[in-house]
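Throughout, read-outs are computed from the coordinates displayed, never taken from laboratory work. Everything quoted here is computed from the prediction, not taken from an experiment. Here the Cβ positions follow ideal geometry from the backbone for every residue, glycine too, while neighbour counts run over all protein chains shown.
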Amino acid sequence: MKSGSNLEKILESGQFAVTGECGPPKGTSPRVIQKKGEPLKSCCDALNVTDNQTAIVRMSSFSGCVLLKEVGVEPVLQMVVRDRNRLALQADLLGAVALGIRNVLCLSGDHQRFGNHPTAKGVYDIDSIQFLQMVKNMRDENKFINGEEISGDVPLYIGAAANPFADPFEFRVTRLAKKVNAGADFIQTQGIFDMPKFVEWMKMVTDRGLDQKTHILAGLIPIKSVGMARYMANNVSGLSLPKELVDRMADAKEPKEEGIKICLELIEQLKEVEGVHGVHVMAVAWEDIVPRIVEEAGLMPRPVM
């Protein structure tokens, strides 16, 4: 075992994992994140805490992870290289381990020009692939990026993100391979709606044997309304949302129910895709629907490791 995390135990034992997401508040209330986490702890093996997602300032992922641990949820610390240099990244990782955080997701971060502080200076001291390599060396070699020894173990289960739909499509698997080779134990993908394209991507993944070296969790975004569907189809970079799904939402008498139905259909298909080892449910401002989705998808009860 690399970290002893619950997520690691589930994935390494060959079981189908379920992770979710918690967006921290634009404020200081600890209850906001704990209230989101409490209903999800029985249906998710771990919960990501986002790190200034879409480059909008929120409570830190670090604090959110500690607050989730207090209510019995296993957190995944998201960290972006946009906001920290190598000193800050390594310092925060040591602090996270000291506080019992065992999962980290290494990300580039959305560019600051898309957020609410567009003139903020991006750091990007190292990129996300170098970040993965750095964390792996901290864990496996017990060394900082400069080669100096770390006192104490750094037991972390290391994750990365992948977007199967961004252009150029053929390069997506090459980029994934770089992340796997750098040290990614698990991968969480962008939200999947275009199943044929995702299956094509996964075929390329399995052809290269990458599914034997990492655990791929397929991303899911439950759709609440036709407005949300149209917005994602037209405005979210690297997201492929077919017109027929937007039309289904537009024609539905009860859009929320239709969105849940679409999500459940996608899960059923994903269970059959070779190389998919779990799902990552990103219920944007709709966290309370996740227990129902996991239950109706036949993924309850979750294994106790």
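Numbers for the structure displayed
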item	result
Karplus 3J(HN,Hα) series, Hz, for the range 228-233 with 6.51 cos²θ - 1.76 cosθ + 1.60 (x for Gly, Pro)	5, 4, 5, 4, 5, 5
Distant-in-sequence amide H partners of residue 74 (H built 1.01 Å from N, under 5 Å)	47
Stretch in the chain that is longest and holds no GluC sites (Glu not before Pro) that DSSP places in a loop and that have at most 15 other beta carbons within 10 Å	1-140
Extended-chain gain in nm, criterion 0.36 nm per residue less alpha-carbon gap, residue 38 and residue 146	34.9 nm
Selection of trypsin sites (Lys or Arg not before Pro), the range 68-157, meeting DSSP coil and at most 10 other Cβ within 10 Å	121
Cα centroid separation, the range 152-197 to the range 73-133 (Å)	16
Estimated 222 nm signal from helices in the chain, with DSSP H stretches of n ≥ 4 weighted -39500 (n - 2.57), rounded to 500	-12000 deg cm²/dmol
Ascending count of other beta-carbon atoms within 10 Å, so fewest first, for 81, 281	81, 281
Which of 87, 239 has the fewest Cβ neighbours within 10 Å, and the rest in rising order	87, 239
Fewest-first ranking of 260, 293, 216, using other Cβ atoms within 10 Å as the exposure measure	260, 293, 216
Area projected by the alpha carbon convex hull of the range 29-161, averaged over all directions, nm²	8.1
Crossing angle, helix 61-70 versus the chain [Cα axis fit, 0-90 degrees, rounded to tens]	80
C-alpha long axis of helix 255-271 to longest principal axis of the chain, angle in °	60
DSSP-defined beta bridges in the range 6-296 - what % are antiparallel, rounded to 5	5
Acute angle (nearest 10 degrees) that the helix 195-207 long axis makes with the longest principal axis of the chain, alpha-carbon atoms	40
Relative contact order for the chain, counting Cα pairs under 8 Å that sit 6 or more residues apart, in percent	19
Label-point gap, in nm, between residue 121 and residue 13 - each point 7 angstrom along Cα→Cβ	4.8
Where only C-alpha atoms are counted, convex hull volume of the range 125-271 per residue in Å³	134
